[in-house]
1. Exactly one of these conditions fails for A151: (1) crowded, with 16+ Cβ neighbours inside 10 Å; (2) of a type in the set (A, V, I, L, M, F, W, C); (3) more than 17 Å from the chain's Cα centre (by Cα). Give me its number.
2. Working only within region 140-167, note down all residues that are assigned to a loop (DSSP other than H, G, I, E, B) and not hydrophobic (A, V, I, L, M, F, W, C).
3. Would you check if V235 is aliphatic (A, V, I, L, M), surrounded by fewer than 24 Cβ atoms within 10 Å (Cβ to Cβ), within 12 Å of the ligand (Cβ to nearest atom) and more than 21 Å from E132 (Cα to Cα)?
4. In the list V53, V4, which residue meets the criterion of being farther than 16 Å from L243 by Cα, touching a residue at least 60 places away in the same chain (Cβ under 8 Å) and open to solvent by 30 Å² or more (accessible area, probe 1.4 Å)?
5. Any idea how many residues of region 112-144 are within 16 Å of the ligand (Cβ to nearest atom) and either within 23 Å of A81 (Cα to Cα) or open to solvent by less than 10 Å² (accessible area, probe 1.4 Å) (or both)?
6. Yes or no: G203 open to solvent by 20 Å² or more (accessible area, probe 1.4 Å), more than 15 Å from E128 (Cα to Cα) and out of contact with any strand residue (DSSP E or B) (no Cβ under 9 Å at 6 or more places or on another chain)?
Amino acid sequence: MQRVPLVAGNWKMNTTVPEGLDKAAELVQAQRPEDVEVAVLPPFTHLWPMRDVLRGSGIALGAQDVFWEDAGAFTGEVSPAWLSGWCDHVLVGHSERRHLLGETDEQVHRKLARALTHRLRAIVAVGETLEERESGATLEVVHRQVDVAFAGIDAGAMARCVVAYEPVWAIGTGRTATPELAQEVCHAIRLRLARLFGDEVAGATRILYGGSVTAENAADLFAQADIDGGLVGGVSLKPAEFLQVVAAASGVRR
Ligand code: PEP
């Protein structure tokens with residue numbers, strides 16, 4: 001099975017609704033390579049109107065998070081049932097949620113499992129902190145995050161899952177992992193997926209790199225054998241530069 005590259009833009013808590021719709025319209029109008037999947041993950045408030053802007057464009061829509069229950073007394077949370085059928089992706093396990101809001105590996109797993117029952121596609125973010133890297137714990141941390149997130153997930157549902165390796169020290173810092181270092185961890189993630197689901201599933205699962213991806217460094221990162229595109233934060237708010245990152249993923253189908 002081939003892995004089609006994916007470049008997803010995580011807008012985080014940025015842009016008003018009108019600003020976001022304008023940015024989405026810019027992406028829709030631009031020329032894009034046909035061999036790269038593109039997804040935009042705006043704030044929750046933008047999702048429903050943005051669906052109309054993106055309709056027919058081939059650009060997928062994604063939410064930045066989702067809750068692990070469908071309904072109930074969970075003030076402020078967003079149900080995967082509400083997104084199902086019109087929103088393509090959900091991101092779970094972003095480091096800002098893990099580290100600023102205390103989200104645990106187990107909660108990430110519950111979110112993933114529930115999103116998959118609603119036929120949503122999931123981007124599961126994993127990655128080590130600077131302290132963990134410097135103490136030599138990178139692979140131990142990433143393996144644990146992968147193991148817990150995907151525990152008990154049906155192999156058939158893996159076709160709707162993407163893993164994003166995002167070293168925490170590289171997110172929003174301008175300090176990108178070298179292509180070699182990013183490849184080393186992405187390769188380790190693929191081996192871990194092979195242990196959990198077998199070689200075929202691991203070989204078909206897309207693994208993205210995220211952490212200060214720019215138009216300048218994207219091509220070198222995406223040229224690595226186990227990096228199938230990027231999860232892009234800051235640069236995804238600048239449509240012209242984001243489109244250059246998308247272009248850098250063209251031709252890397254594996
Ligand atoms: C992110 O938020 O997932 C991210 C990778 O951010 P940035 O590209 O700004 O480092």
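1. (1)
2. Step one: list which residues in region 140-167 are assigned to a loop (DSSP other than H, G, I, E, B), which gives 151-154, 166-167.
Residues satisfying the conditions are G152, D154, E166, P167.
3. On the way: aliphatic (A, V, I, L, M): yes; surrounded by fewer than 24 Cβ atoms within 10 Å (Cβ to Cβ): yes; within 12 Å of the ligand (Cβ to nearest atom): yes; more than 21 Å from E132 (Cα to Cα): yes.
So V235 passes the test.
4. Details: V53 fails: touching a residue at least 60 places away in the same chain (Cβ under 8 Å).
So the residue among V53, V4 that is farther than 16 Å from L243 by Cα, touching a residue at least 60 places away in the same chain (Cβ under 8 Å) and open to solvent by 30 Å² or more (accessible area, probe 1.4 Å) is V4.
5. Initially, region 112-144 is screened for residues within 16 Å of the ligand (Cβ to nearest atom), giving 122-130, 133, 142.
Those left that are additionally either within 23 Å of A81 (Cα to Cα) or open to solvent by less than 10 Å² (accessible area, probe 1.4 Å) (or both): 122-128, 142.
Going through region 112-144 one residue at a time, the tally reaches 8.
6. When the stated conditions are applied, G203 passes them.
Residues checked against (1) open to solvent by 30 Å² or more (accessible area, probe 1.4 Å); (2) away from the ligand (no atom under 15 Å from the Cβ); (3) assigned to a helix (DSSP H, G or I):
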position: W169; (1), (2), (3): no, no, yes
position: E180; (1), (2), (3): yes, yes, yes
position: V185; (1), (2), (3): no, no, yes
position: Y209; (1), (2), (3): no, no, no
position: D220; (1), (2), (3): yes, yes, yes
position: A225; (1), (2), (3): yes, yes, no
position: G230; (1), (2), (3): no, no, no
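The values are calculated or read from the model by the stated rules, or taken from the named source; none is laboratory data. Bear in mind the structure is a predicted one, so any value in this text is a computation, not a measurement. Reconstructed Cβ throughout: ideal geometry from the backbone, glycine too, with neighbour counts over all protein chains shown. Surface areas here come from the heavy atoms of the whole protein model, side chains and all, with no ligands, DNA or RNA. Shrake-Rupley method; radii C 1.70, N 1.55, O 1.52, S 1.80 Å.
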